[in-house]
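Asker: A single structure is presented below for examination.
Coordinate-derived values only; no laboratory data. These figures come from a predicted structure and were not determined experimentally. Cβ: placed from backbone, ideal geometry, glycine included. Neighbour counts: every protein chain shown.
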Amino acid sequence: MGILDYCEKANDATKMTVRNTEKFYDFALTKPLTYGVEYEVLLNDILKSDLGRPMNAKNLPSIPRASLYQSAALWEALGLHLHQIPMIGMDAIIKKNGKLVLTSEAASHIKLIEPHKLPVAFIKNDNCYIGVLKNINLWGKGGKVVLYNKIFLSEITNRISLCVYNHEITHTQMDGANLGHSYLNVETLPMIIEEILASHIDATGDTLKLVRNYHLREVAEYLHCYALSRDMDYRERIITDGYIQAIIEAIYLVNQYLTATDRQKREFLNYCNKIFDHRATVTEMLDFYDANLEQVPKTLQKLRLPKNK
């Protein structure tokens, strides 16, 4: 049954219940990471690394907002395949008996679009690394459904925005089934695609350096403030673990990608396409490339960080 078929009849549509992301991705079944001394070593390495230092991206040259939508050409150039997504307006959601449900006219509010045609709302925030995908997770007799509404970005648009925007676009291709049913996998492929696209935006490598700098500082912040303190409830622990794991796995795999042969790069991107096509999961990809942080702690030792000059 297709996504639009779930809402074909008003009777079915009004029985679809909006669920939170944690339940949608089997949040409660996710096993937290175990933090050993290797993470403390990683934290120290990041803080000593050139990439662990703050870098100001706010003063980068601005780019036309239209170039965000046009960045679909970057995916095409790399041979990455995007699937159409269902978009819905918030006016198709109502509160009924204390629950959010689709209206009886919901089907007329849903349409399939190309991911790069999803509306973008620009917010007043000087952090150009900010990106939020607003989607509605539904659960009914027909199964799980994700409907997309819009992407929120900082009003400051530059080449970092381009990477962040496509990070969120990648999320539109990840509906749960191709994650491997672990919340820790939610951010992994979006991080990978974000860094790979950053590496292709300019020949100097500056964009990738800025993006990776931000990712590494996120890891350092999560490790320092949350993970190593062990002072978190279960939900906070899983969310924190998800970002730490995704960033480390992404850096590890992108490092391999950057030094690979053209054939190996094509094979890696084809594996990404298999995930988008639901012919493989993120977990399977991580296992294939020996990069699953849950099962292969040695990934930490393989993570290459630049040294101070």
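Asker: Please arrange K124, K265 by how many other C-beta atoms lie within 10 Å of their C-beta, fewest to most.
Answerer: In order of increasing Cβ crowding within 10 Å: K124, K265.
Asker: Kindly state, to the nearest 0.05, the FRET efficiency for N125 paired with R263, given R0 = 35 Å and r defined as their beta-carbon distance.
Answerer: E between N125 and R263, to the nearest 0.05, is 0.25.
Asker: A follow-up question, please. Cut-off is 10 Å between beta-carbons; in what order do Y289, Y183 appear when sorted fewest neighbours first?
Answerer: Y289, Y183
Asker: A further question on this structure: Please list 3J(HN,Hα) in residue order for region 153-170, calculated via the Karplus relation 6.51 cos²θ - 1.76 cosθ + 1.60 where θ = phi - 60°; whole Hz, with x for glycine and proline.
Answerer: 9, 5, 5, 7, 10, 8, 5, 5, 4, 4, 5, 5, 4, 6, 4, 5, 4, 4
Asker: Between N44 and T204, what's the calculated FRET efficiency when r is the beta-carbon distance and R0 is 25 Å? Round to 0.05.
Answerer: Efficiency at R0 = 25 Å is approximately 0.30.
Asker: Counting other beta carbons within 10 Å of each Cβ, put T281, T259, T170 in order, fewest first.
Answerer: Ranked by crowding around the Cβ, least crowded first: T259, T281, T170.
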